[in-house]
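**Q** Structure in structure tokens, see below.
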Amino acid sequence: MDRKQETETTPKRLRFHEVDSGSWPDFARLFEERGGPKNCWCMVWRATPEEAKQRSGADRRAQIQVRVNESIPIGLLGYLDDEPVAWCSIAPRETYRDLGGPPVATDQERIWSLVCFFIKRQLRGEGVSRQLIEAAIAHAKKHGANIIEAYPVDRDSPSYRFMGFLDMFDAAGFEQIGRAGQRRHIMRLTV
């Protein structure tokens, strides 16, 4: 296999870092770049009722930054050659509003929710989402999670596509345990 062919078929390997005050500038840069989610700032599922009334990108940016400054987990950045190129929202389920998952059954359940993905356009279709899921699982487990919950949609869904696709989570070993609304599936992985 020649070098060009190898580069085109070998997935780019990312490194991952939790979003914290040190990586905040990278997070902000990724979200503010062309095509980035600068309108939502991954606050759709996190906003309190009062915060939800403030819908501008600037308001949402400030809301997520407060969480980062208070060391509340919000997710992971994926880096390629020291450049932030991908994001996934992975955090304790109680830091989100109701996502539709079943109530916590016992004190032993420590559920983390994997909610949103953003990958720069030029890296889509190159296995980055698989790497994000793997990194999110490892990160949540390291921080005490024993259940990872996700809320993906079918590939032909007209909405909620930012939450990932059912087949991605099937491939990662998640099991479907129910539905949240008409489009989102509830999937779990015990770790």
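**Q** Using amide H atoms built in the peptide plane, which far-off residues or other-chain residues are under 5 Å from Leu99 H to H?
**A** When sequence neighbours closer than 5 places are left aside, there are no close amide H contacts.
**Q** Setting aside same-chain residues fewer than 8 positions from Lys120, which lysines have a Cα under 23 Å from its Cα?
**A** In chain and number order, the partners are Lys4, Lys12, Lys38.
**Q** Taking amide H positions as placed 1.01 Å from N in the peptide plane, with prolines and chain starts having none, which residues 5 or more places from Ala180, or on another chain, fall under 5 Å of its amide H?
**A** Placed amide hydrogens put His185, Ile186 under 5 Å from Ala180.
**Q** In deg cm²/dmol and to the nearest 500, what is the mean residue ellipticity at 222 nm of the chain if only DSSP H runs of at least 4 residues count, each as -39500 (n - 2.57), divided by the residue total?
**A** Result for the chain: -8000 deg cm²/dmol, rounded to the nearest 500.
**Q** Now for a separate question. With mean projected area of the Cα convex hull in nm² as the read-out, I listed [x] 13.8; [y] 10.6; [z] 11.9; which label goes with the value calculated from this structure?
**A** Answer by label: [z].
**Q** Can you work out the Karplus-derived ³J(HN,Hα) for every residue in segment 15-32? Use 6.51 cos²θ - 1.76 cosθ + 1.60 with θ = phi - 60°, whole Hz, and x for glycine or proline.
**A** Karplus values, whole Hz, x for Gly and Pro: 10, 10, 9, 5, 6, 9, 4, x, 9, 3, x, 5, 4, 4, 4, 4, 5, 8.
**Q** What ranking of Cys88, Cys116 emerges when the number of other C-beta atoms within 10 Å of each C-beta is taken as an exposure proxy, fewest first?
**A** Least to most surrounded, the residues fall as Cys116, Cys88.
**Q** Okay, next question. Would you work out the charge dipole size for the chain about its Cα centre, treating the Cβ of every Lys and Arg as +1 and the Cβ of every Asp and Glu as -1, and quote it to the nearest 20 debye? Provide the component values of the computation, followed by the final result.
**A** Details: 29 positive and 27 negative charges, 84 e Å.
Magnitude of the dipole: close to 400 debye.
**Q** Return the sequence-ordered ³J(HN,Hα) values of segment 165-174 in whole Hz as given by the Karplus equation 6.51 cos²θ - 1.76 cosθ + 1.60 applied to θ = phi - 60°, using x for Gly and Pro.
**A** 10, 3, 5, 4, 6, 4, 5, 8, x, 6
**Q** Now for a different question. I'd like the trypsin sites (Lys or Arg not before Pro) in segment 98-189 restricted to DSSP loop residues with at most 15 other Cβ atoms within 10 Å, sorted by number.
**A** In loop regions of segment 98-189 (DSSP not H, G, I, E or B), the sparsely surrounded trypsin sites (Lys or Arg not before Pro) are Arg124, Arg155.
**Q** Here is a follow-up. Figure the gain on full extension for Thr48 and Glu33 (residue separation times 0.36 nm, minus the Cα-Cα span) and round it to one decimal in nm.
**A** 2.8 nm
**Q** Cut-off is 10 Å between beta-carbons; in what order do Trp41, Trp24, Trp112 appear when sorted fewest neighbours first?
**A** Final ranking by Cβ density, sparse to dense: Trp24, Trp41, Trp112.
**Q** Quick one: Ser157, Ser71, fewest Cβ neighbours within 10 Å first, how do they rank?
**A** Ser71, Ser157
Rule-based calculations on the coordinates, nothing more; no lab input. Only a predicted model underlies this, so the values are computations on that prediction, with no experimental measurement involved. Note that we place each Cβ from the backbone using ideal geometry, even for glycine, and neighbour counts take in every protein chain shown.
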